[in-house]
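Step one of this worksheet: look at the structure below.
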Amino acid sequence: MIRIEIQDIGKKFNTEWIFRHVNYTFEDHLAYAILGRNGSGKSTLLQVIAGNLYPTTGKVKYILSGKEVAPEKIFQHLTIVAPYLELIEDFTLREMLDFHFSFKSIIPGHSIPKIIELLGFNKIGKNPIRLFSSGMKQRVKLVLAVLSDVPLLLLDEPTMNLDQAGVDWYLNILEKFAGNRTIIVCSNIQQQETSFCSGKLLIEDYKQ
């Protein structure tokens, strides 16, 4: 449903180029990995794709169902998971889900009670999120993104704070619920987090 064309983009902070001359196309219905070491610019590129940062040079073009979408409106069609995006910790789980899904629709056939059951948090759903472990918070971030009915799913280090059982759960919910969406994963781990990705962009190929 959504296709993203990166056309010769570069991003500079002060006098330092983070990357330059990136040309790449993310086709619809496919999963991609943006790979590189910590600090190499993966998250910056994902933020540009998400429309949260504007490129210094070049253009990102979004084609949704055959029509171009303006960069300032692309947020309506995506969800993102990232270490630098926090949950509202004074909310209970139910309040967090209600708040998020007042802005995004839930994928067909699901509901907030089903999402709580999917998390396995029925007994602690009334606790404030600040009492959750880091792994539990990461699971909440992931279901908010994956269970939202949008065509573009952006995942930055999605298995952060997850143990092996959590990683298996992450891969399972993507297999079950990601559907035919365009998925972009930022990672410095080329195996577990990105095992399902058919395309790979190596950010260090675009370093100056």
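Values quoted throughout were computed directly from the atomic coordinates according to the rules given, and no laboratory measurement underlies them. Please read these numbers as outputs of a predicted model, since none were measured by experiment. Cβ atoms come from the backbone with ideal geometry, glycine included; neighbour counts cover every protein chain shown.
Put a dot 7 Å past each Cα toward the Cβ at GLU27 and ILE107; how far apart are the dots in nm?
Placing both labels 7 Å along Cα→Cβ, they lie 2.1 nm apart.
So how do VAL60, VAL167 line up by other beta-carbon neighbours within 10 Å, fewest first?
Ordered from fewest to most neighbouring Cβ atoms within 10 Å, VAL60, VAL167 come out as VAL167, VAL60.
Give me the extension gain from ASN122 to GLN7: residue separation times 0.36 nm, minus the current Cα-Cα distance, reported in nm with one decimal.
Working: separation 115, 0.36 × 115 = 41.40 nm, distance 4.60 nm.
Between ASN122 and GLN7, full extension yields 36.8 nm more.
Which loop-located chymotrypsin sites (Phe, Trp or Tyr not before Pro) does segment 72-165 contain, where loop means any DSSP state but H, G, I, E or B and the Cβ has at most 13 other Cβ atoms within 10 Å?
On the way: sites: PHE75, TYR84, PHE91, PHE99, PHE101, PHE103, PHE121, PHE132; in loops: TYR84, PHE91, PHE101, PHE103, PHE121, PHE132.
Passing both the DSSP loop test and the Cβ count: TYR84, PHE103.
Excluding residues fewer than 8 places away in the same chain, name every one of the lysines whose C-alpha is closer than 23 Å to that of LYS126.
Qualifying lysines at Cα under 23 Å: LYS104, LYS114, LYS137, LYS141.
To test your reading of the geometry: what angle, between 0 and 90 degrees and rounded to tens, separates the Cα axis of helix 134-146 from the longest principal axis of the chain?
Tilt of helix 134-146: around 70 degrees.
Only bridges with both residues in segment 2-206 count here: give the DSSP antiparallel percent, nearest 5. It would help to have the intermediate numbers written out before the result.
Numbers: 19 of 37 bridges.
The answer is about 50 percent antiparallel.
By the scheme Lys and Arg +1, Asp and Glu -1, what is the net charge of all other residues having a beta-carbon under 12 Å from that of ASN122?
+3
Within straight cross-link reach of LYS42, meaning Cα distance under 18 Å, which lysines are found once same-chain residues fewer than 8 apart are removed?
By straight Cα distance, LYS42 reaches LYS11, LYS12, LYS59, LYS200, LYS207.
Rounded to the nearest 500, what is the 222 nm mean residue ellipticity of the chain from helices alone, with -39500 (n - 2.57) per DSSP H run of 4+ residues and division by all residues? Working shown, then result.
Numbers: 5 runs with 51 residues, N = 208.
Result for the chain, helices only: -7000 deg cm²/dmol.
Between beta-carbons, use under 13 Å as the cut-off and find the net charge around MET96, counting Lys and Arg +1, Asp and Glu -1. Each step should come with its number before you reach the end.
On the way: positive: ARG94, LYS104, LYS126, ARG130, LYS137, ARG139, LYS141; negative: GLU86, GLU89, ASP90, GLU95, ASP98.
It works out to a net charge of +2.
Evaluate segment 2-206: find the radius of gyration of its Cα atoms, find its Kirkwood radius, and give the ratio Rg to Rh.
Rounded to two decimals, Rg/Rh equals 0.97.
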